[in-house]
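Read the structure below first, then the notes.
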Amino acid sequence: MKLLPHILQNTHPDLMRVVLLAMGMPLLSFLVFVFFGKKLPKGRDWMAAGLLGVATLLSGWVLIQFWGELNPQDSARLTLNWMQIGDGSMGFTLGLWVDRTAALMHFLVNLITLLVHIFSQEYMKGDPRLDKYWAYLGLFSFSMLGIVLSSGLLTMFIFWELVGFSSYLLIGFWHQKKGPAAASMKAFIVNRIGDVGFLIGILIVLVHFRTTEFAVLLEAGSLWTEPGTMPAWLTLAGFCLICGALAKSAQLPLQIWLPDAMEGPTPVSSLIHAATMVAAGVFMLFRIAPLLSPEVKMTLMILGALTAFLAALSATVQTDIKRILAYSTISQLGFMVMGIAVPEYSMFHLLTHAFFKCGLFLTAGVIIHSLHHVQHELKEKGEALPFDVQDIRIMGGLRRIMPKTFVFFLVFGAALAGIPLFSGFLSKDGILLGVWAMAEKSGGIYWMMPVLGMSAALLTAYYISRLGLLVFFGENHLEGKLKEKGIEGIHLASAPLKMYLPMAVLALASFWIIWAPGSPFDGAGSWLFPALGENHLPHELHLVVALSSLVAALGGIALAWVRFGKNRNAALPGGKRGFWANLFFNHFYLDRVYARFIAGPFVWFCRQLGWFDKNIVDGAVNGAAWFAAGKDRQEQSLSGALGWFDARIIDGIVNRVAGVVMRLGQAALKVQPGKVQLLLVFTVAAVLLLLLYLFYFAAG
Amino acid sequence: MIPTSWYIIIGIFLFCLGVFAVITRRNTVIALIGIELMLNAANLNFVAFGRMQVNPFEGQMAALFVIVLAAAEVAVGLAIVLNVYKRYRTVNLDEIDTLSDE
Amino acid sequence: MGILTILVFLPLLGMLAMAFLPSRAKAFRWIALAATLAQAVVLVVGVIPGYLAGKGASQGYFLTENSDWIRMNLGKMGQLDINYQLGVDGISILMVVLTVIVMLVGVISSWNQEQRPKAYYMLFLLLNMSTLGCFVALDFFLFYLFYEFMLLPMFFLIGIWGAERKEYAAIKFFLYTLFGSVFMLLIMVGLSFSFIDPVESAELFNQMNPSQAVTPDMLQAMLHSGAGLTAEFQVHTFSMHHMMAGPGGQFLNMIPGSIFALGNDLLGMDARLLAFLVLFLGFAIKIPMVPFHTWLPDAHVQAPTAVSVVLAGILLKVGGYGILRICYGIFPEGGIHFSWWIALFGVISIIYGAMVAMSQKDFKSLIAYSSISHMGYVLLGIASLDPAGVNGAILQMFNHGIVSAALFLLVGVVYDRTHDRRIASYQGLWSQMPGYATVTLISFAASFGLPGLNSFVSELLVLLGSFNQVEMFPKIFAALAVFGILLSAAYYLWTYRRMFFGTFAVKVEGNPAMPDLNRREYLMLIPLVVMMLVFGLLPTLLTGMTDVSVSDFVVRVLEVAN
C-alpha cells in the first residue's frame, strides 16, 4: 500500500528545483506571516517584498534558461501520482509543466507581485492587519503561479480555486465595511458558477482521456484538426471548460463580479486586474485552445467581442476612477477572449496588458492615496467635508499637483488606447488582425468581431482620454471646495518616491521596445513569436487593420477632447444622466437583472423549500408518528410535537385520519386505567385464550 | 421413582399460586414473591422434564440459569419498590397508577 | 484477546471505573479522556500498523477474530451458529479511525459538562463502544446488537442533556431509527436461515457420519447438488462473509429454495430485492436520505454540542457503511437493480439539502442540512459502483466526519458564550474573535470543497465515479451533483458574510462577553483543521487504505450481475 504520492516523471530536475523554490517563496511568505506575522520585527514589510524579490530573480533565471539556453520546444515536466484508484488506468496526476510561455508568465506574475508589494508598503502603511495582508498576497501569488505552471487541468483547477479563495480574502480585506463583504462573496460565488462548468469539463476529459495532463491532451487534440471531426463529447467538454474561463476572466455573462471587486485595497485591484486572477482564464484558454471545437471557439469569440464592446461602453460614463479601470479590464479581456482565434496574440495582449493595466491602477492608487491623506487630515482637524476618494468629479488639475503621476498616466493610457510605439498597439493590433482575417475568410457573422473590436478600440481611447482630461486637466475641485469652506493648510501632496519606483518599471514595459524592439509597428515581429504559437496572419491585411485601429484610437481621443476638452463639467454632479448614460452606467442593469430574476427567485425558492421541509415533509412524519402513538395529549414529551401539529396542519386528509385514530385511542384508554395488576389479568386472560385456541382448534 | 406428572401438578399449583398472588395482592412485595413462585414452578418443570432426557443436565442448566436471573430480577425489583416507596410513600399497587393517562 | 476487541471494549473498562465512583466525583471526564486516549493509542500502535502490515486472513479482512458465541440446536432445522467475529477491511478501517478521532474530540468538547457528569460520560463511552463495534463486527447478529445499542445512549444523551425541545427530538430520533432497524431483524433472521457456514456444517456432517470425511468445498457442492444437504446438517450462520458472493459471483453457501435464495418470491416480488429495499430504508434513514431526513435537524439542533459532533461525525456514517457492507455486500444484484433510484435520491439529497440549508436561520440547523447535502455524495458514489465512486463515498464519509465535527464544535463555541444559535444574532465576529473566524473559514472552505482541503478529494472521486460509470444511472445525475459545490459555497459564504463581516455586534440579551477561542477549544479544533489539510493534500493516506478492498468489492458486486 502506497500511502504517499510519488514522482512519476521529472525531466529537468535541476531546473525544476529552481522553479519549485521560486514557487515556494510566496508560500513561505504566506506561512511566515500567518503564523508569526504579529511577532515579526519592524522590517517585516521588506521581508515579504524580499521573498518575492528572490522569487522574481529565480523566475528570471528560469526565463533566461528557457528563452536562451533550451530549445524552443523544450519543456520541463514534473509529474506526481496524487492518488491511485482501482486498476490505475485513471491518472490522478498533478504536476508542473514549464515551457517558454509558462516561464514567461511565471516571471511576469512574480515581477508584478513584487512591484505591487513595494507599492503596497506605502499604500497600506499603518493598517493594523498588515501582516494578514502580506500573508494573503503571498497565498494569492502562490496560487497564481500554480495556475501558470500547472501541467494539467486537475492541477490547474486546484490552484484555480485557491486563487478564487485568496481573492475572496483580499477583496474582503476590510471586512468591517459593507462593500468589501458583499463584493468578496459575490466574486467567489460568481467564480464558482464558472467552476461548476470547469469541473464538469475536467471530469468529461478525465473519463475519456484517462488523464488531464496537457501534454497528452494536446497530442490527442491534434487528431481532430479537420473541421467537423471532433467528437460531440469533446465539444461538450469544451463548452463546460470555457465556463471557468468566462467567470474568472469576467466575460459575458459572468463579468458582474469584477467591478465590485474594486472594494479591495487598490494594490490588490491592480494585481487582480493585471497579471493574476483574470489572466488565469485567458491563460487557460490559451492552454486548451487546440482542444476547443470550432463551435466553442465561435461562442468564445462572440462573447468576447460583445464583452469588449459593452464593457467599453460602460467605462465611458463611470465616475469612480477604479470602476472605469475595472470596466476597461473587462473590455480588454474581451479582446483577449475574442482573440482565441489567434491564441498567440491573446497571450501577447495578456502580457502587455498586464503591465499597463497594473500601471493604471497604481496611478489611481497614488491619487486615491493622497486623497486619503487629505481625508485623514480633515478628520484630525475636525472638519466635516465628506467626499469619495475615488470619485473623479472631485479630482481635476492634478497635472500641476502630481506631474510625475501625470507622465506615467500618459504612458499607460497611450498603451491602453493603442497608440503606435506603445505595447498595447502591438498586441491589440494582432488580435484585430486575426479576427479581421477570419471574417474575410468565413464572412457572415464573423464580421461582427472586427466591427465590435474596432468600436471597442475607439471607445477605449475615448474613455481613457476622458479619464485623463477630467482628472489631470482643468482645476482641482477638491481644493476649490476646501477654499469655499475656508479650510487652510491642507493640500494634495505628491506621493512618496517608493510608489513611483514600481510604476517606472511598468512604464518601461509599456513601450514597444521591450516587446518588439525591431518592429515598432507590427506585433508579428516580436521576439515572443513563434514560441507562443505559429503565426499564420496574412501580412497584406496588416496595414489596413493597423491604420483603422489607429484611426479608431485617434478618433476616440478626439471625441473625448471635443466633449471634455473645454467643458470639463460635463460629467460633474448635478448633470442628470440620460437614458443611455444610465444604461451604460449601470452596465445594462445586468446586476439588477441577475438579482431580480435569478438570485432573488432562487433564494425565495429556497425559503419555500425550507418551509416545505419543515411543514410538509416533517409534518408527514410527525403525523405518522402521531398515528402510531395515537394518544397522549398531556404527555410532556410529545406535547411540543402535538402543539406544533395542531397549530400548523389543521386541515387536510392527514388530520381527518388522525381524528379517527385519536378517537380509537381514547376508546382504548378506557380499558387502560393504569393499574399494573389489571394489565396482568389481561395478559393471563390472553394466554388462557391462546391456550384454549391451541387445544380446541389448532390441535383438532 | 416418582412419576413426572406429580412434579408437573405441583408445578401447576405453584404457578397458579404465583399468578394469584401477583394479580390479587395489593402489596408490591407480595406480588414480587408471586413472581418468584412462578419462576420456581418453571424451574421445577425444567428439572422434571430434564430427568426424562438422556442428558439430564440440560434441564438443570436451564434451572440454574433461571435461578441466577431470578436473583437479579429480585434485586432490581426490590430496588424499584424502594424507589417507588420513596416517591409515593406507599407500596400499594392500586395507588400507583401514573401509567394511566387520565 | 485480539487488538480489535481491546479497542472496542476499552470504553467499557472506563465505564466500569466510573460505576464505582460516587456521582459527586470530579474524575469522570478524566476517566473518559483516558479511555478514549487509550483507544487512540491502541489504534495508532496496534490497529493501523497491523492493518497495513497484515495479509487478509479470510476474504480480505484483517486483524480478524473469530470465536464461537452462541450455538443452538434447532433439531430438524439444523443448527444456529452465532459467532463473535471481528475484523476490518478497506471499507471499515477509515470508519474505525474516524470514530476514535471524533470520540476523542467529543470528550474534550464536553469537558465542562456540569449536569450529571457520571451518567453523561458513561453513556458517552457506551456510545463509543457500540459505534466502534458496529464498524468492526463481521457477524450480522453482532452488528445488529451494536447497531441497536447505539440508539440507547444517543436517546438519553439527547433527551437529558439537550436544548429546549430535547424530549421531542430524542423520541423522534429514537422512533425513526428504530423503525429502520426493526425490519433489519426480520431480514437478518431470514438470511441466517438461507445460508450455511460450510466449515461448521462439514464438521457437523463428519461428526454424524464418522465414515465420511467431507471438506467444506464438498459440502457446498452437496448443497447445490440435486439431492441437496439434509436440513439437520445445516449450520445456519450469521457471518456476513458467508452471505456474500464468492469468487465468480456464486453464492456458494446459499441454501437452494430458502427464503432469500436467488429467485425466491416474497409478497409478490423478488425476496432478495425486497430485503435489499427494506435494509436500505433502514440505513437510508440513518444516513439520512431525503425524504427520511427530518429527524436529523431536530436531533442536531437539540443535542448538546458533543453529541451533535458524534451524531454528524460518526452515526450518519453507520448508514453509509451499512449500505455498502450489508445492502450491497449481501444483495449485490439488488444494489445494481436499484442503483438508478439510489443515485437519484443521492442527487436529490445533495441539491435539496443545500437549498434548504440556504433558508435556515439557525446556525446549527444550517450545518445539519449541509450534512444531508454532503451525505448525498455518499449515496451517489456507492450507486456508481465504480472504484473511484465507491472510494470517494468512503472518503466522503471520513472527510465529512472530520469537517462536520469541526463545524458543530464551532457552533458550540458561540452557543457556549451566548446560548443563542440564530445567525441573525451575530455580526462582525471577525473583528472580535479572529481565531474563531479563521478556523470557521477554513472549516467552511473544507466543507464546500476547496481544493487542498479534504472534502474536495472525496467529492471529486464521487463525481468522477459517477461520470465514469455507464450502466448504473444517466450522467446528467452526476452533472447535477456538481451544482452541490456551488450551492454549498453560496450558503456557507452567505452565512459567513452575515456572521463574520461587518462591525461587531451580538444581539443577545445580557450582552455576553465574546472572548476568542480558549486553549481547550484550540486543542480540539486545531487537530481537525490539520487533518483537513493533510488529507486534502495527501489523499493517498486514505485511498491507500481503502483502494484494494474497494476494488475487490466492486468487482465482486459486478460479477454477481453478470
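Assorted remarks:
- Relative to the longest principal axis of the Cα atoms of chain C, helix C:475-500 runs at roughly 30 degrees.
- Computed magnitude of the charge dipole of the stretch C:406-479 (debye, nearest 20; Cβ of K, R +1, Cβ of D, E -1): 160
- About its Cα centre, the protein assembly as shown has a charge dipole of approximately 4240 debye under the convention of +1 per Lys or Arg Cβ and -1 per Asp or Glu Cβ, with nothing else charged.
- Taking amide hydrogens as placed 1.01 Å from N in the peptide plane, the amide H of A:Leu8 sits under 5 Å from those of A:Thr79, A:Leu80, A:Asn81, each at least 5 positions away in sequence or on another chain.
- Whole-angstrom gap from the stretch A:53-112 to the stretch A:195-226, using each part's C-alpha centre: 19
- Degrees between helix A:403-417 axis and first principal axis of chain A (Cα, 0 to 90, nearest 10): 70
- Distance violations [Cα-Cα > 19 Å] among A:Lys132/A:Lys248; C:Lys286/C:Lys317; A:Lys186/A:Lys248; C:Lys361/C:Lys507; A:Lys481/A:Lys566: A:Lys132/A:Lys248; A:Lys481/A:Lys566
- Tensor-based shape of the stretch B:4-93 (alpha-carbon gyration tensor, a/c under 1.5 rounded, otherwise prolate or oblate): oblate
- Between C:Leu185 and A:Val34, the C-beta separation translates, for a Förster distance of 45 Å, into a calculated FRET efficiency of about 0.25.
- Positive contributions from Lys and Arg (+1) and negative ones from Asp and Glu (-1), summed over other residues with Cβ under 15 Å from the Cβ of B:Met61, come out at +1.
- Where C:Ile526, C:Ile287 fall by accessible area, highest first, once all protein chains stay in place (1.4 Å): C:Ile526, C:Ile287
- Sorting A:Lys428, A:Lys485 by accessible area puts them as A:Lys485, A:Lys428; the probe is 1.4 Å, largest comes first, and only protein heavy atoms count.
- Spatially proximal lysines relative to A:Lys483 (Cα-Cα < 22 Å; intrachain offsets below 8 disregarded): A:Lys379, A:Lys381
- Other residues lying with their Cβ under 9 Å from the Cβ of C:Phe501 contribute a combined charge of +4, Lys and Arg counting +1, Asp and Glu -1.
- Couplings 3J(HN,Hα) of the stretch C:10-20, computed from phi: 4, x, 4, 4, x, 4, 4, 4, 5, 4, 8 Hz, in residue order, whole Hz [Karplus 6.51 cos²θ - 1.76 cosθ + 1.60, θ = phi - 60°; x for Gly and Pro].
- Value of relative contact order over the stretch C:106-208, rounded to a whole percent, pairs C-alpha under 8 Å and six or more apart: 20
- Placing unit charges on the Cβ atoms only, positive for Lys and Arg and negative for Asp and Glu, gives chain B a dipole magnitude near 320 debye about its Cα centre.
- Exposed chymotrypsin sites (Phe, Trp or Tyr not before Pro) absent - longest run of chain C, DSSP non-H/G/I/E/B, at most 16 other C-beta within 10 Å: C:112-503
- Summed over the residues of the stretch B:4-93 and divided among them, the accessible surface reaches 66 Å² per residue at a probe radius of 1.4 Å.
- Spatially, the stretch A:150-193 and the stretch C:372-415 are offset by 24 Å when compared through their Cα centroids.
- Relative contact order, whole percent, for chain C stands at 15, derived from Cα pairs under 8 Å and 6 or more residues apart.
- Rolling a 1.4 angstrom probe over chain C with all protein chains present gives an accessible area of which 67% lies on carbon and sulfur atoms.
- Reach of C:Lys26 by Cα under 12 Å, taken over aspartates and glutamates that are not fewer than 8 positions away in the same chain: C:Glu114
- Cross-link reach list, lysines versus A:Lys675, counting only Cα pairs under 26 Å and skipping chain neighbours closer than eight places: A:Lys631, B:Lys86
- Cβ-Cβ distance of A:Glu377 and A:Phe473, R₀ of 30 Å, FRET efficiency by 1/(1 + (r/R0)^6): the value works out to about 0.75.
- In degrees, nearest ten, helix A:130-149 long axis to first principal axis of chain A (Cα): 80
- CD proxy at 222 nm, helix term only [per DSSP H run n ≥ 4: -39500 (n - 2.57); per residue of the protein assembly as shown; nearest 500]: -22000 deg cm²/dmol
- For A:Lys178 and C:Arg422, the FRET efficiency from 1/(1 + (r/R0)^6), where r spans their Cβ atoms and R0 equals 22 Å, is about 0.60.
- Relative contact order of the stretch C:338-562, defined on C-alpha pairs under 8 angstrom at six or more residues apart (%): 29
- Globularity ratio of the stretch C:338-562, using Cα Rg and 2.2 N^0.38 Å: 1.09
- Extension gain (nm, one decimal) between C:Ile259 and C:Lys76, 0.36 nm per residue minus Cα-Cα: 64.2 nm
- Whole-Hz ³J(HN,Hα) from phi, Karplus 6.51 cos²θ - 1.76 cosθ + 1.60, for the stretch A:376-382, glycine and proline x: 5, 5, 4, 5, 5, 7, x
- With the cut-off at under 17 Å, measuring from each backbone N in the stretch A:285-299 to a point 7 Å along the Cα-to-Cβ line of A:Lys441 picks out A:289-299.
- For C:Gly90, net neighbour charge (Lys/Arg +1, Asp/Glu -1) across residues whose Cβ lies under 9 Å away: -3
- With all protein chains in place and ligands, DNA and RNA left out, the 1.4 Å accessible area ranks B:Asp94, A:Asp391 as B:Asp94, A:Asp391, largest first.
The values are calculated or read from the model by the stated rules, or taken from the named source; none is laboratory data. These figures come from a predicted structure and were not determined experimentally. Backbone-built Cβ (ideal geometry, glycine too); neighbour counts: all protein chains shown. Quick note on the areas: whole protein, heavy atoms, side chains included, nothing else; ligands and nucleic acids left out. Shrake-Rupley method; radii C 1.70, N 1.55, O 1.52, S 1.80 Å.
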